[in-house]
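Participant: Structure below; questions to follow.
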Amino acid sequence: MKKREFNWDLLRIRKFTEDDAEEVAALIQRNFREVNIKDYGEEAVEELCRTHNAAWVINTASYAHMYLFCLEGRIIGCGSISSYWGREDESILLTVFVAPQLHGQGIGRKIIETLENDDLYIRARRVEIPASITACEFYRKLGYDYKDGIRQLDKDNLYRLEKFKISGEGVKGKV
């Protein structure tokens with residue numbers, strides 16, 4: 001069965017408010033349970049769902065620029081960017097999730113594009129993203145590569161990916 005084409009005219013992008021925390025947490029937890037479970041297993045996924053609750057979302061949004069992607073008033077995606085450990089020239093992408101039924105329609109790419117237009121991305125020389133096993137190849141297609149060439153999972157079972165930029169120019173590789 002062919003997927004219905006996404007109607008981009010209906011997509012609204014806005015900043016996170018604390019009133020969104022429960023809905024964002026539910027979106028993240030749904031991804032863990034429906035998508036990431038195949039790579040991480042039920043026990044790990046349930047622990048992630050326990051820790052990635054509304055309070056966790058509010059905390060993340062307290063130090064990151066969090067964007068929400070909405071369709072007909074419902075949050076269908078989210079993504080955030082923060083400085084990397086307070087550095088002016090490095091940033092990190094966080095909480096990139098799309099409603100599972102809408103995977104493969106370009107929304108994830110739109111989230112990354114939005115984050116890459118944020119001031120924290122623009123000012124950075126290097127941008128990191130902790131990538132799940134499930135999402136690693138998606139980010140690699142968008143120009144992120146293994147941090148320091150290390151193609152193995154870290155202690156959190158995530159791949160560390162990065163992209164280097166030269167200020168005022170497009171992505172050029174390591175500087």
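The values are calculated or read from the model by the stated rules, or taken from the named source; none is laboratory data. These figures come from a predicted structure and were not determined experimentally. For neighbour counting, all protein chains shown are included, and Cβ atoms are generated from backbone atoms with ideal geometry for every residue, glycine included. Side chains included, ligands, DNA and RNA excluded: accessible areas come from the protein's heavy atoms. Shrake-Rupley method; radii C 1.70, N 1.55, O 1.52, S 1.80 Å.
Participant: Per residue, how much accessible area does the chain have with a 1.4 Å probe, in Å²?
Facilitator: 57 Å²
Participant: For segment 92-121 and segment 25-51, what is the centre-to-centre distance using only Cα atoms, to the nearest Å?
Facilitator: Here the answer is 19 Å between Cα centres.
Participant: If you plug each phi of segment 95-104 into the Karplus form 6.51 cos²θ - 1.76 cosθ + 1.60 with θ = phi - 60°, what whole-Hz ³J(HN,Hα) values come out, in order, with x for Gly and Pro?
Facilitator: Residue by residue, segment 95-104 yields 6, 8, 9, 10, 3, x, 5, 10, 4, x Hz.
Participant: Karplus couplings for segment 25-39 from phi (6.51 cos²θ - 1.76 cosθ + 1.60, θ = phi - 60°), rounded to Hz, Gly and Pro as x?
Facilitator: Taking θ as phi minus 60°, the curve returns 4, 5, 5, 4, 5, 4, 4, 4, 6, 9, 10, 6, 4, 5, 9 Hz for segment 25-39.
Participant: Please go through segment 1-93 and write out the GluC sites (Glu not before Pro) that DSSP classes as loop and that have at most 16 other C-beta atoms within 10 Å.
Facilitator: Passing both the DSSP loop test and the Cβ count: Glu5, Glu72, Glu88.
Participant: Students often get this wrong: which residues of segment 110-144 have the backbone nitrogen under 17 Å from the point 7 angstrom along Cα-to-C-beta of Lys155?
Facilitator: Only 130-131 fall inside the zone, counting backbone N under 17 Å.
Participant: With the cut-off at 28 Å, tell me which of the pairs Lys38/Lys147; Lys38/Lys165; Lys15/Lys165 have Cα atoms farther apart than that.
Facilitator: Lys38/Lys165, as the Cα separations exceed 28 Å there.
Participant: Just the number, please: carbon plus sulfur as a percent of the accessible area of the chain, 1.4 Å probe, no ligands or DNA/RNA counted. Display every interim value, and only then the final one.
Facilitator: On the way: 4860 of 9990 Å².
C and S fraction of accessible area: 49 percent.
Participant: Stokes-Einstein at 37 °C, 0.692 mPa s, Kirkwood radius from Cα pairs: D for segment 1-155 in µm² s⁻¹?
Facilitator: Roughly 203 µm²/s, to the nearest whole number.
Participant: Under 5 Å between amide H atoms, partner at least 5 residues away or on a different chain: which partners does Tyr84 have, H built in plane at 1.01 Å?
Facilitator: Those lying under 5 Å, H to H, from Tyr84 are Glu90, Ser91, Ile92.
Participant: What net charge is computed for the residues neighbouring Leu48, neighbours being all others with C-beta under 12 Å from the C-beta of Leu48, Lys and Arg scored +1, Asp and Glu -1?
Facilitator: Details: positive: Arg30, Arg33, Arg50; negative: Asp39, Glu42, Glu43, Glu46, Glu47, Asp156.
Spelling it out: positives minus negatives among the neighbours equals -3.
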